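The next block holds one structure in the form of structure tokens; read it before the comments.
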Amino acid sequence: MRIAMIGSGYVGLVSGACFAEFGVDVVCVDKDQSKVDALRQGRIPIYEPGLDVLVARNAEAGRLTFTTDLAQAVAGVDAVFIAVGTPSRRGDGHADLTYVFAAADEIARALTGYAVIVTKSTVPVGTGRRVHRRVRAARPDLEFDVASNPEFLREGSAIEDFMRPDRVVCGAESERAREVLSGLYRPLNLIETPIVFTGLETAELTKYAANSFLAAKITFINEIADLCERVGADVQDVARGIGLDGRIGRKFLHAGPGYGGSCFPKDTLALLRTAEQYATPLRIVEATVEANDRRKRQMAHRIVQAMGGDVDGKKVAVLGVTFKPNTDDMRDSPSLVIVPALQGQGAEVHAFDPEGRTTAEPLLPGVRWQDNAYDTMDGADALVILTEWNVFRGLDLAEIKRRLKTPVVIDLRNVYKPSQMAAAGITYSGIGRPNGVIDDDSQELAAE
Ligand SMILES: NC(=O)c1ccc[n+]([C@@H]2O[C@H](COP(=O)([O-])OP(=O)(O)OC[C@H]3O[C@@H](n4cnc5c(N)ncnc54)[C@H](O)[C@@H]3O)[C@@H](O)[C@H]2O)c1
């Protein structure tokens, strides 16, 4: 089979490379010439574990090629996947569909025969039908179908998620489109992956429902963590205690600084706009968005409190700035709220991130970048762990104490045990644990 993947970012490049690994001929298209040039030279423009090897192997085998020429790429394909960005539209939170429609229009002009046009981008309910209408208007004679195949991969484990997904959702309404999609995902039959065939609207909504549910789950445990601090309970144990219940599940129950990333913040907002449009309130999602925004601001306040209530002229060492480990993605990372808030109160922030510096540097002006964790701490008044990269899990606590001017560690990811830190003579505050920072003003201040 042969496909074109329009957009070669986190989703398009991973999906394209994985389909090639399944034996499909894949042309990855991007309008960014520098991205395509890099890929042709074997350089991967993003950080995603294992992607370099996968791309190299399939490019070498001739199954994976890269181009900026969409028209050439879609000639003779069985399916064209649209995997371009759908960011929040500035001002109103609607999903910005400019890139999706631009790609659809170009595809309409270029197709030479029957193909399934598949939206892999996360798009609001109704987008597939709108794509169908645009293509039909441009090419009244063309044989084509539009399908929705939302992507559920997670950055940092994207290849494993694509190759061994919990399920694949395909909104496809003709037998022909279902056959093409079944053919592409056939290798997953071997591992008995459920392929859920639905209508277009159902597939589109499934993606938003999944992300909003997960965002709500994270927010729920974050609020329970706040209560744990006040009542002297430990959120890690509460999470384990509830997560072992099969109806709840253990994943996405890690209390932290609030969710960020390229999906949850924009997808929850976009779902709320859809709900408004259809006059159907989604109060749980509304509360999730509001609580998460507040939480990020609270985190800055929490750090200031742990440092004695004043950070003016003080040096703060920050480990990890990406929204989660194993990615260089900075989109909506909590660090983008927390670091400027500390700087705004006069702190000098030194930071280290194993892969995120290049993306982060222009977004976090004034930060002094360091090349490793320990140099970041030298002479600092406190250490803040913002992202739980593996390299931050086994730090030498005696060395931390030696390097810091004052031995204060604020661990927003609960990487360390309070007892370990206490034994090392470090004043430690985690999230939702008995010795977390309890501060009666934090709610009010964060609301300002
Ligand atoms: N990043 C994730 O973890 C993830 C997971 C699941 C779903 N999604 C969804 O997948 C979609 C893509 O996300 P992403 O993170 O890969 O975005 P991205 O910004 O990394 O990549 C999008 C790419 O599309 C290219 N592009 C835009 N218009 C184009 C056009 N007309 N022709 C060719 N190329 C074009 C851009 O240059 C860019 O390289 C979004 O809708 C997102 O919500 C993302």
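The values are calculated or read from the model by the stated rules, or taken from the named source; none is laboratory data. Just so it is clear, the model here is predicted, and its values are computed rather than measured. Positions of Cβ are generated from backbone atoms using ideal geometry, with glycine treated the same way; all protein chains shown enter the neighbour counts. Surface accessibility is based on the protein's heavy atoms, side chains included, excluding ligands, DNA and RNA. Shrake-Rupley method; radii C 1.70, N 1.55, O 1.52, S 1.80 Å.
Tabulated data for the structure shown
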{"item": "Added length on full extension, which subtracts the Cα-Cα distance from 0.36 nm per residue, Y114 to E160", "result": "13.4 nm"}
{"item": "Rounded tilt (10° steps) of 127-138 against the dominant C-alpha axis of the chain", "result": "40 degrees"}
{"item": "Gaussian network model of the chain, springs between alpha carbon atoms under 10 Å - residue of L404, L319, L142 with greatest fluctuation", "result": "L142"}
{"item": "Quarter of Cα convex hull surface for region 102-228, i.e. mean projection, nm²", "result": "9.7 nm²"}
{"item": "Over the chain: helical MRE at 222 nm, DSSP H runs n ≥ 4 each giving -39500 (n - 2.57), nearest 500", "result": "-13000 deg cm²/dmol"}
{"item": "Within-15-Å neighbourhood charge of H350 [Cβ basis; K, R +1; D, E -1]", "result": "-1"}
{"item": "For region 92-108 and region 216-286, distance of Cα centres in Å", "result": "30 Å"}
{"item": "Volume of the Cα convex hull of the chain, divided per residue and given in Å³", "result": "150 Å³"}
{"item": "Of K266/K314; K296/K417; K31/K251; K31/K324, those spanning more than 30 Å from alpha-carbon to alpha-carbon", "result": "K266/K314; K31/K251"}
{"item": "For region 305-448, average projected area of the Cα convex hull in nm²", "result": "8.1 nm²"}
{"item": "Angle in degrees between helix 175-184 and the longest Cα principal axis of the chain, rounded to the nearest 10", "result": "50 degrees"}
{"item": "Cα principal axis extents for region 69-145, largest first, Å", "result": "39, 23, 16"}
{"item": "Per residue solvent-accessible surface (Å²) - the chain, probe of 1.4 Å", "result": "43 Å²"}
{"item": "Cross-link reach list, aspartates and glutamates versus K405, counting only Cα pairs under 13 Å and skipping chain neighbours closer than eight places", "result": "D375, D378, D381"}
{"item": "Where chymotrypsin sites (Phe, Trp or Tyr not before Pro) in DSSP loops with at most 15 other Cβ within 10 Å are excluded, longest remaining stretch of the chain", "result": "279-448"}
{"item": "Fluctuation leader among N222, N414, N189 - the chain, Gaussian network, Cα springs under 10 angstrom", "result": "N189"}
{"item": "Cα pair distances of region 274-315 binned at 5 Å [whole percent]", "result": "6, 19, 17, 13, 11, 9, 8, 6, 7, 4, 0"}
{"item": "Charge sum, other residues only, whose C-beta stays under 12 Å from F213's C-beta, Lys/Arg counted +1 and Asp/Glu -1", "result": "+2"}
{"item": "Rounded accessible area of M307 (nearest 10 Å², 1.4 Å probe)", "result": "10 Å²"}
{"item": "Rounded to whole Å, sorted largest first: equivalent-ellipsoid semi-axes of region 2-198, Cα gyration tensor", "result": "23, 19, 18"}
{"item": "With Cα atoms, 0 to 90° folded angle of helix 264-277 axis to the chain main axis", "result": "60 degrees"}
{"item": "Neighbour-limited loop hits for trypsin sites (Lys or Arg not before Pro), region 74-170 (at most 10 other Cβ within 10 Å; DSSP other than H, G, I, E, B)", "result": "R90"}
{"item": "GNM result for the chain, Cα springs below 10 Å: residue of V318, V168, V84 fluctuating most strongly", "result": "V168"}
